[in-house]
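Everything on this sheet refers to the single structure shown next.
The values are calculated or read from the model by the stated rules, or taken from the named source; none is laboratory data. These numbers were taken from a predicted model, which means no experiment stands behind them. Neighbour counts run over all protein chains shown; Cβ positions are idealised from the backbone, glycine included.
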Amino acid sequence: MSWIREGELNLLERISANILKAGPMPKHVAFIMDGNRRFAQKKNMERQEGHMQGFNKLAETLRWCKHLNIREVTVYAFSIENFKRSKDEVDGLMELARQKFEKLLEERENLEKHGVCIRVLGDLNMLPLDLQQLIAKAVLGTKAHNKCFLNVCFAYTSRYEITNAVREMAWGVEQGLIKASDVSEPLLSACLYSNKSPNPDLLIRTSGEVRLSDFLLWQKARELHREHQALQQLEADRACAAEHLQSHGNGKPASGQRRREALLQYTACREERIQDFLEALKRKRDSFFNDLWSAGVSA
Amino acid sequence: MALLYGLLWRLLLLLVHINRALVVWLRVRLRGWKRRVWERAMAGLLLPVALAGFPDHQKTTNQNPDANTSPGTVKRLACRRSRLLSDGRSLEKLPVHIGLLVTEEEPSYTDIANLVVWCMAVGISYVSVYDNHGMFRKNNSRLLEEIVRQQQDLLGGDGSKCNVEFLSNGADKHHVISCRPTVKVLSPEDGKQSIVQAARQLCRSVENKEKGSKDISVSMLDVLLRESRNVPDPELVVKFGPVDSTLGFLPWHIRLTEFMSLPSHRNVSYEDLLGVLQQFDSCQQRLGQ
């Protein structure tokens, strides 16, 4: 079963879609695809068949999103907690993922036609190597597309994502690229796996459960208003610039002019540091996928 | 054509508002009705029962827990206290930590105080109160006074016993908890900001070569985020108001929290709260397995 189900909507679906599009629409929707096993039990199927049906429904949902002009979709495919399931079930899910990513690579032209960019978020090191290589191929192959975006969360939990972002910032400090005082809310957001996506407007969980289960906890939380963020950053810069002036000064209190100059200089330096750090981080992440891809090719 | 679709959209929105208003009106009217009738009414209005909440249930007291002082009140209040406690015990699963998330603009301190007192009486150890604008944090003392007053009125607690410990942000220099139950007042600063502060602290220790970046783990960050508070994650958050968002409530701590909604915290009744607790009782957490 293909990732992109072709075909137009029927009349009723088209009318409903047009009515909905007349109002405000979310730009980014996140799905927790829950309930596959309960569905399989209800229909007296094997669990694996339940997961397959779940995937088919996902493909149909992506088609609806495309028709509704929802450009970005994030799905919670496999949590790090799911590794606790029986070996058979985990192996079955990995095999399903393998099949689906192989199918994806076969449909490359179709993906290019629709401009679909696939990103996979999570601790990919926890997955079998061949699956990692397939994922790398899919991600690199669709990197340049920009009409719509599908983020698949695989071996993902939100706490792990936030911790990883903190680890990356600590790596930046270790490498001397940034200082600990540069750590801020926007910088943490920029270090997440999902840094290229806007925050989701809507989160939908199927099967009736009412919890987040460690999914997009940071992204779904309200952020400080821009003005408040800017003010906080300004205060922090002012404090650091004053400290710097004091330590490099000659004991006399600095003039207002001197303080303003120091503040501007400090802010400019900080912004440059952060840019360099984010670029280094991007290179590190790209090389992870490139290494996997070349290992896959040479194997 | 676009104009027609626009008009149809507006009509649909109007229907949604009417639906919501009807649900709120029915909740008040059907307080005495049985659960099945309520479910049928909600199904008729095409509203999932989980969203609407139950206005009534079979098991508990029908008496209004709001007291009025009169002779023989002490005995009645003691009766009420033990009844609330037995309500809590009759549930298989009671949350250790409950969050009250108020999304409405003007909070009512009396109603929130009622909720806090009922939660504590039923046997919940930690109650967190949160609103989007940090108003509860700003009016800390007013909330505490209301809670103490409601405790007197509803349960007849005597002032000499330490029944409530009020924990606020470390910056306010309030006392450390020594006895339960505990009330915590949270604001948006306790959310992402505290995660950023913990991150800064970890980066600083990396800067000072006290640890390496690879040493940073989920449990390390978890310990830091729990250090100043020392309470378990909220198992249940009851959201009041029409806004469908957590509005920044403790993002790190809510990974496994069940979210249940009630339309409003104004004039909320004990039965509303008990209905939510019973719903929580029937939830099944598989924890990934």
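Among the candidates A:Leu245, A:Leu278, A:Leu234, single out the residue that is in contact (Cβ under 8 Å) with a residue 40 or more places away in the chain, away from chain B (no Cβ under 13 Å), more than 21 Å from A:Phe78 (Cα to Cα) and not small (Gly, Ala, Ser). Exactly one of A:Leu245, A:Leu278, A:Leu234 is in contact (Cβ under 8 Å) with a residue 40 or more places away in the chain, away from chain B (no Cβ under 13 Å), more than 21 Å from A:Phe78 (Cα to Cα) and not small (Gly, Ala, Ser), namely A:Leu278. Evaluate the following for B:Ser217: is it surrounded by fewer than 17 Cβ atoms within 10 Å (Cβ to Cβ), at the interface with chain A (Cβ under 7 Å from one of its Cβ atoms) and over 16 Å from B:Asn132 (Cα atoms)? Yes. Scanning segment A:176-204 for residues being in contact with a Phe, Trp or Tyr (Cβ under 8 Å, 6 or more places away or on another chain), facing another protein chain (nearest Cβ under 10 Å) and surrounded by fewer than 20 Cβ atoms within 10 Å (Cβ to Cβ) gives a total of 1. Restricted to segment B:246-287, and to residues there that are among the basic types (Lys, Arg) and more than 21 Å from B:Thr110 (Cα to Cα), the residue that is modelled with the lowest pLDDT is B:Arg286. Criterion first (surrounded by 14 or more Cβ atoms within 10 Å (Cβ to Cβ), basic (Lys, Arg), within 14 Å of chain B (Cβ to nearest Cβ) and out of contact with any Leu (no Cβ under 7 Å at 6 or more places or on another chain)) does A:Arg63 satisfy it? No: the conditions fail for A:Arg63. Can you tell me how many residues within segment B:220-254 are at the interface with chain A (Cβ under 10 Å from one of its Cβ atoms) and among the polar types (S, T, N, Q)? Adding up the residues that qualify gives 2. Of B:Ser282, B:Ser261, all but one fail to be surrounded by fewer than 23 Cβ atoms within 10 Å (Cβ to Cβ), among the small types (Gly, Ala, Ser) and more than 10 Å from every other protein chain (Cβ to nearest Cβ); the exception is B:Ser282. Total residues in segment A:159-175 satisfying the condition of being facing another protein chain (nearest Cβ under 7 Å) and more than 15 Å from the chain's Cα centre (by Cα): the figure is 7. Contact map, segment A:212-229: residues that are surrounded by fewer than 20 Cβ atoms within 10 Å (Cβ to Cβ) paired with residues that are not small (Gly, Ala, Ser) and not in a helix (DSSP H, G or I), Cβ distance under 7 Å, separation 6+ or inter-chain. Pairs shown: A:Arg222/B:Leu247. Counting the residues of segment A:119-173 that are touching a residue at least 40 places away in the same chain (Cβ under 8 Å), of a type in the set (Lys, Arg) and under 30 Å from B:Lys211 (Cβ atoms) gives 1.
Here B:Val185 clears all of (1) within 11 Å of chain A (Cβ to nearest Cβ); (2) at pLDDT 85 or above except the condition numbered (1). Screening B:Gly275 with (1) more than 10 Å from every other protein chain (Cβ to nearest Cβ); (2) among the small types (Gly, Ala, Ser); (3) in a loop (DSSP other than H, G, I, E, B) gives one miss only, at (3).
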